[in-house]
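What follows is a set of notes on a single structure, which appears directly below.
The values are calculated or read from the model by the stated rules, or taken from the named source; none is laboratory data. Not measured: the values here are computed from a predicted model. Virtual Cβ from ideal backbone geometry, glycine too; neighbours counted across all protein chains shown. For accessibility, only protein heavy atoms count, side chains too; no ligands or nucleic acids. Shrake-Rupley method; radii C 1.70, N 1.55, O 1.52, S 1.80 Å.
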Amino acid sequence: GQAGRQPILCAGDTFRAAGSDQLRIWADRVKCDVVAGQTGADTAAVAYDAVDALLSRNRDVLLVDTAGRMHTKQPLMEELAKVKRAMAKRLPEAPHETWIVLDASMGQNALNQARVFQEVAGLTGAVIAKLDGSAKAGFVFAVQRELNVPVLFVGLGEGMDDLAPFAPQAFVDALLGYASPYKEASSDRVPAG
């Protein structure tokens with residue numbers, strides 16, 4: 001990857017056939033391996049296999065994509081807990097991080113789902129997608145306040161270069177009109193936290 005890492009992507013959203021297909025397309029774009037199961041496969045087993053691939057292929061980062069819609073459905077929450085246990089069986093300290101991707105346009109509905117996800121998964125960070133206008137800026141503050149996790153990245157579009165590390169100072173400066181728009185404030189970017 002761009003940071004000199006050798007990632008593996010895990011297509012853990014086995015509920016949707018398109019989930020694995022979408023992840024394979026992105027893996028081809030960024031030139032990394034994918035571990036996937038059949039549609040309907042046990043997500044925990046796919047995650048276990050992905051950790052195994054990480055170790056056997058001597059890679060340094062594994063990103064496991066799980067089902068993301070309808071977090072409040074109890075079977076999905078049970079599945080998520082099972083995925084965490086399966087990963088830890090193969091690598092005791094895994095997962096090291098648990099992030100949620102939230103759609104800024106979903107507002108309070110996304111936050112409600114995230115709270116349930118937080119209870120089950122123990123979130124360590126958030127990624128906010130579709131943060132493409134100042135009208136959605138309040139969502140960033142709500143995520144921090146209600147979930148008490150750092151916003152790590154923001155999605156400013158659909159392209160490969162449109163996912164950016166979240167820079168709180170640059171974000172606030174742009175919001176208040178003290179700086180150029182956030183998307184152009186790349187020199188000011190610092191990790192959130």
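A few remarks follow.
- Members of the range 27-44 that are surrounded by 14 or more Cβ atoms within 10 Å (Cβ to Cβ) and either of a type outside the set (A, V, I, L, M) or under 21 Å from Ala86 (Cα atoms) (or both): Cys32, Asp33, Val34, Val35, Ala36, Gly37, Thr39, Ala41, Asp42, Thr43, Ala44
- Here Val149 passes the criteria (1) farther than 26 Å from Ala81 by Cα; (2) assigned to a loop (DSSP other than H, G, I, E, B); (3) open to solvent by less than 30 Å² (accessible area, probe 1.4 Å) except the one numbered (1).
- From the list Ala86, Ala18, the one residue that fits, being farther than 20 Å from Leu163 by Cα and modelled with pLDDT under 85, is Ala18.
- Among the residues of this structure, Ala67 counts as one that is open to solvent by less than 40 Å² (accessible area, probe 1.4 Å) and under 16 Å from Pro95 (Cβ atoms).
- Subset of the range 73-129 (residues that are part of a loop (DSSP other than H, G, I, E, B), closer than 23 Å to Asp60 by Cα and over 17 Å from the mean Cα position of the chain (by Cα)): Leu91, Pro92, Glu93
- Qualifying residue in the range 75-92 (condition: more than 17 Å from Phe15 (Cβ to Cβ), surrounded by fewer than 18 Cβ atoms within 10 Å (Cβ to Cβ), in contact (Cβ under 8 Å) with a residue 24 or more places away in the chain and among the aliphatic types (A, V, I, L, M)): yes
- For the range 102-115, filtering for residues that are surrounded by fewer than 17 Cβ atoms within 10 Å (Cβ to Cβ) and in contact (Cβ under 8 Å) with a residue 40 or more places away in the chain leaves 1.
- Here Ala53 meets each of (1) part of a loop (DSSP other than H, G, I, E, B); (2) of a type outside the set (Ser, Thr, Tyr); (3) out of contact with any helix residue (DSSP H, G or I) (no Cβ under 9 Å at 6 or more places or on another chain) with one exception, condition (1).
- Hey, Ala47 open to solvent by less than 60 Å² (accessible area, probe 1.4 Å), closer than 21 Å to Met160 by Cα and part of a helix (DSSP H, G or I) or not: no
- Identity of the residue in the range 122-137, over 18 Å from Leu163 (Cβ atoms) and at pLDDT below 85, that ends up surrounded by the most Cβ atoms within 10 Å (Cβ to Cβ): Ser134
- Condition met for Thr14 (hydroxyl-bearing (Ser, Thr, Tyr), in a loop (DSSP other than H, G, I, E, B), farther than 23 Å from Leu147 by Cα and open to solvent by 40 Å² or more (accessible area, probe 1.4 Å)): no
- Inter-residue pairs, beta-carbon under 6 Å, first under 17 Å from Val151 (Cβ atoms) and part of a helix (DSSP H, G or I) and in the range 169-186, second open to solvent by 50 Å² or more (accessible area, probe 1.4 Å) and modelled with pLDDT under 50, 6+ apart: Ala170/Asp188
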